[in-house]
1. Have a look at SER63, SER230, SER116 and tell me which one the Gaussian network model of the chain (Cα, springs below 10 Å) gives the largest fluctuation.
2. Hey, can you grab everything whose amide H is under 5 Å from the amide H of ARG199? Only 5+ residues off in sequence or another chain; H modelled, so Pro and N-termini drop out.
3. Just how large is the dipole of segment 17-210 about the Cα centre, in debye to the nearest 20, putting +1 at every Lys and Arg Cβ and -1 at every Asp and Glu Cβ?
4. Looking at the chain, how many pairs of lysines come closer than 19 Å at the Cα, when each pair is eight or more places apart or spans two chains?
5. List every residue whose amide H lies under 5 Å from the amide H of VAL132, counting only residues 5 or more places away in sequence or on a different chain, with H placed 1.01 Å from N in the peptide plane.
6. Between HIS96, HIS87, HIS256, find the one with the highest GNM mean-square fluctuation for the chain; connect C-alpha pairs within less than 10 Å.
7. Short version: ³J(HN,Hα) in whole Hz for each residue of segment 166-171, in order, from phi by Karplus 6.51 cos²θ - 1.76 cosθ + 1.60 (θ = phi - 60°), x for Gly and Pro, what are they?
8. Test of understanding: in a Gaussian network model of the chain with alpha carbons linked when under 10 Å, which of PRO180, PRO121, PRO153 would top the mean-square fluctuation ranking?
Amino acid sequence: MIRISSTNNFTQVIMFFTIIIPTYNNLSLLKLALSSCQRQRFSDFEVIITDDSTNEVIEEYVSHLHLPWLKYHRNQSSLGAVNNWNHGLTLAKGDHIMVLHHDESMASDDFLTRVSAAFLPQVDVVVSNVSVDGRRQKRWLHHVLSPLLLHFPTTLFACNFIGPTACLCFKKEQMQLFNPSLCWAVDYEWYYRMLQNSRVRYLRTNYIRSHHGHKGQISQTIDIQKVRQSDNETLRKMYVSHLRIRLFLFIGKSIHKFLLALHRKRTH
């Protein structure tokens, strides 16, 4: 429900949702994300695009759109990926917030309707499911474990069982910024802080569609092995006195080594 806030004779319309779309040099994917917003039957939302592009292609496209719920912000100088996400968070006015990267989209036209209904007074964070390039794999173990593990967020340091950031929608008062000193671990370290002491609800049949393998995808442009190692060192320093987190970091590292060795064995 739209809320009206009045302070110092200034009236402001507060939407139920703010959807932040950080974007960078990929108009075709941005169109998919925006299209999924346009299809929503739930209309009480705003969309904020934070554009860190090196060209004007997206800016020119957005200038020809006439969508009352759309706000566009072009960075004067490059902020980098994580700081661009944080910039969007600081601009959000809605009571509930979601970070929808330009390579993600809401899979159904009732996505926001379902999430809004899940936000009961005693729920702080709603977590949706994920499909990769439209494929909804039958992962029964994932479906069983995810609702349980959400109540033990330290397990995220062993395995990111949530998926992309758009799977998380949260009340504004729960908001925390992403840690720009991290790269590979930036998502799940943020999830950990967002879920700590939060009341969570999981929507197994509500899907975010994630598009993989496109040009410009961060995981396609970095040395994953090196970045994982660097992030793990950073996390160990950040949580030096948190033995449980350090344990799950070790478990995650061991799982990764095992899977890497298995992959090499299969390809030789």
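1. SER63
2. ASP124, VAL125
3. Working: 18 positive and 17 negative charges, 159 e Å.
Charge dipole, segment 17-210, about its Cα centre: 760 debye, nearest 20.
4. Summing the qualifying lysine pairs gives 12.
5. It is GLN137, SER210, by chain and number.
6. Residue with maximal mean-square fluctuation among HIS96, HIS87, HIS256: HIS256.
7. With coefficients 6.51, -1.76 and 1.60, one gets 5, 5, 9, 10, 9, 5 Hz.
8. Comparing PRO180, PRO121, PRO153 in a Gaussian network model of the chain, the most mobile one is PRO121.
Only the coordinates and a few stated rules stand behind these numbers; no lab work does. What you are looking at is a predicted structure, and each value in this text was computed from that prediction instead of being measured. Positions of Cβ are generated from backbone atoms using ideal geometry, with glycine treated the same way; all protein chains shown enter the neighbour counts.
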